[in-house]
Every structure is written in C-alpha cells, then in structure tokens.
Amino acid sequence: MRMIPSILDQHAEDAGFLAELRAQAVRAPHYDLDDLRTLDERLEAHLDGLRIAGRAGLDLLLRQLGAQASGEVFAATVLACESGDAAVLARIAEQLRAFPETGRGFAAALGWLDWISVEPWVERLLAAPEPLFRCLGLAACGRHRIDPGPALPAGLAHAEPGVVARAARSAGELRRRDLMAEVRAHRRHADEAVRFWANWATAQMGDEEALEPLRRFARQAGEFQWRALSVLVGWQDHAFSVAWLRALAHNPAQRRPVILGAGLLGDPLAVPWLIRQMHELPLARIAGEAFSLIAGADLALLDLERSEIPDFDAGPTDDPRDPRVAMDPDEDLPWPDPARIAAWWQANGASLETGRRHLLGRPLDEAQCRQVLRRGRQRQRNAAAVALARLRPGEPLFPTDAPAKRQRALLDAHG
C-alpha cells in the first residue's frame, strides 16, 4: 500500500518519540497503569502505520539511525522481529556496535513484543560471542521474566562486567535462589554496577550480608539509590530501618535519601518530620510524595497542593556557565502545602498505626500490594512490586515496565 510520505514521516517520528517517552514514563511519578495503557496504544497506532507501509516504513527508520536514535531503534526492531527480517536485524546490530547506548531501545523492543515473536532472536543473542549481545539477550529474558536457562550461570561466570551485571539483575528479577552462591561471588566486584546488582539480587534472596553494601548505595545519589533503598527497607528489620534513617537524618546532605527511605518504609511515625521538610523548597515535592506513599493522600484530589507554584528552579538553565546539567528529578511532582497537609493529617492520621508499615494509607500486605499495582502511580507501583517480592519470595519480581496489557493479564491471573 502506498502511503503519503509526510504521513509516513509522522508515524516514524511519533513512534520514536513515544518509545523514548515510554522509557521515562515507567519510572515517572505521574503515570498510572491506565496512563501507561493509553501511551502504549498511541505507540502501537504509529507502529501500525509503519507496518502498513511495509518495507518503506522500515527503510525510513533505518535511515534515521544514529547516536541519539534509541526510539528509532525500538521501532525498527519491533518491525524487523515481527517480519523475521534477518538482514534488517543485522543492520540494527551494526547500529548497536557503533552506538551501544541505543541498545536500551533494542532491549525495550524485545520486551514490548510477545515472547513468541522474539524467542528465536533472543536465543541467538544469548549464544552470541559479543558481550553487548549477551547483555541484550539476558535483558530480554529479564523483561519477560523468562528463565534463560544455562545462559544465566554462564553470564555470571563471564569475563565482561556488563554481562555479569545483567546476569545478576536477571537472577534477582527471576528470584533464582539456586544461583545465590554464584551471584554472591560478585558482591565485592571492582565494577560498581556488578557490585550493586549482585547485592540487590541476593538481598532479595535473603542474604543479610548484602544489606550493608546496599546501605552505601542508598546514601549515594545516582541511578542505584532508589532501588537500594526499596530493597533495604523491605528486607531489613523494621526497627533497624527506623534507627538507620534517624541516624542518617543528622547529616543535612543525606536528607533526600532519608525522605525517600521514610516513604518506602511506610511508618506513620515519620509523617510529622516529612511535613517539616515540605517547607524546604529543594525537598518539598519529594517529601510530599513520601507522605502520599505512606498516607495514601492524593495531594491534587484533596486540594493539598500550594495555591501558587514557588519561585524555585532546580535546573538546568540556558546559561552555559550554570553547572546544573541534570534534569529536575521532582519536576512532575506536585508542590505540597505543609499547612493544609498538617491539618489533613491531624484529622485523618490517627487511623494509621505507628510502628507498622503502610502503603498508600493501608497496612502493607499482599492484597494492598496488588491493589497498588492496579491503581497506583508508577513509582508507587514500583515500591509495591518490591514489597510484594518480599511477601512472595518464590515469584518473579512484578514487571512494572511491561506493556500495560501484559501487566493487566498478570494481575487478573491473581484475581
């Protein structure tokens, strides 16, 4: 079927953009599962437009590959796997060799498709001699929560740190307790990512010795901080977590991880302190999110937001001399009104028992975790998935980044 070039261009542009947006949305504080489903449907509509165009759609995507083309890699991989076009996949492989950072789009595409569509390609990736492709094969299995078989212990024994890190992560996602010894062997690895994922995985298998290394990750800003905190407060003794967070709070530079940890811990005892942090503009929004994670109060729905947005800029700016280059991590969070929240807590907080862990206003148990997985926003859902993993140690970690329809099917399967 012939397609008007401008329309085909739009499908390609929007598919790439929405694939990138989705990668951010699965970790965003303002997306819930319904929002994710809507985003998935929009992305699928543009992929359909490219499918209808046939080879012209694929060729257009291939011409757009380059250093910043993770979204285009996603779309091209989806179409190539569905059509079984080995030549196009070979072209994409060259793209990944030249620009390994775009491999996240490739891995996301393998996770997006049904397992039956990607299984033959994943088998080739797992058997590939190049570490890059071994990692991508393990990542695909992890996204689908499919056991890669002998490729997993082989990955843990690999010489390349990237392969070992991905294998350790997959072992944790799949809850492969039989591999604990092999994963633990990397607890003090020279590579930071290997150390983190080895300790992250074995902590969720009951390895208490992994908790101290995770505490060090929890104190450091960066990509591992939230994951370290969520496993820590989920697996270490509750009273120990309270004491650890209190000790950490004495250091002003550590208030952000303490706020994050307090929200994940879910003890209403922390709420008055969190309300005080809402007066500090750099910490206000993350403190509001932690409060909501404990109390279940939707700040927008209950009119607990500030009536005026404060004059606060966390960066970055257009000034090339400005050292702030990272995006504002709290950009999509509401600005809490401390006075209104204090009044709401005074009226409603007595129903929450101090000394007990809560998640969105209810005591944390399996039923509440599954309810949050159905109704919560993505960061709340991520917390629920980690908490559920503790309660259901024999099950794989719930995949909150999977296509929404797949997540719904998993939730419906548990009633």
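The values are calculated or read from the model by the stated rules, or taken from the named source; none is laboratory data. Predicted model only: the values in this text are computed from it and were never measured. Cβ sites come from the backbone with ideal geometry, for glycine too, and all protein chains shown count toward neighbours. All accessible areas refer to the heavy atoms of the entire protein, side chains included, with ligands and DNA or RNA removed. Shrake-Rupley method; radii C 1.70, N 1.55, O 1.52, S 1.80 Å.
Between rounded, prolate and oblate, where does region 1-140 land on the alpha carbon gyration tensor, with a ≥ b ≥ c its root eigenvalues, rounded for a/c under 1.5, else prolate if a/b exceeds b/c? Taking the square roots of the gyration eigenvalues as a ≥ b ≥ c, region 1-140 is oblate.
Rolling a 1.4 angstrom probe over the chain with all protein chains present gives an accessible area of which 53% lies on carbon and sulfur atoms. Of 7, 275, the order by accessible heavy-atom surface (1.4 Å probe, DNA, RNA and ligands excluded), from most exposed downward, is 7, 275. The overall shape of region 144-218 is oblate: from the C-alpha gyration tensor, with semi-axes ordered a ≥ b ≥ c, the ratio a/c is 1.5 or greater and a/b is no larger than b/c. Springs join every pair of Cα atoms under 10 Å in this Gaussian network model of the chain, and among 59, 40, 311 the largest mean-square fluctuation is at 311. The residues of the chain expose on average 46 square angstrom of accessible surface per residue, using a 1.4 Å probe on protein heavy atoms. If Lys and Arg each add +1 and Asp and Glu each add -1, what is the summed charge of the other residues whose beta carbon sits under 14 Å from the beta carbon of residue 120? Here the count lands on -4.
The H on the amide N of residue 359, modeled in the peptide plane, is under 5 Å from the matching H of 364, each at least 5 residues off or on a different chain. Taking the charge dipole of the chain about its Cα centre, with +1 at Lys and Arg Cβ atoms and -1 at Asp and Glu Cβ atoms, the residue from 83, 39, 254 reaching farthest to the positive side is 254. Extending 7 Å from Cα along the Cβ direction at residue 346 and again at residue 98 yields two label points whose distance is 6.5 nm.
Restricting the trypsin sites (Lys or Arg not before Pro) of region 178-248 to loop positions (DSSP other than H, G, I, E, B) with no more than 14 neighbouring Cβ atoms within 10 Å leaves 188.
Work through the residues other than residue 275 whose Cβ is under 15 Å from its Cβ and net out their charges, Lys, Arg +1 and Asp, Glu -1.
0
Here is the list for region 1-71: trypsin sites (Lys or Arg not before Pro) lying in DSSP coil, each with at most 10 other C-beta atoms within 10 angstrom of its C-beta, are 2.
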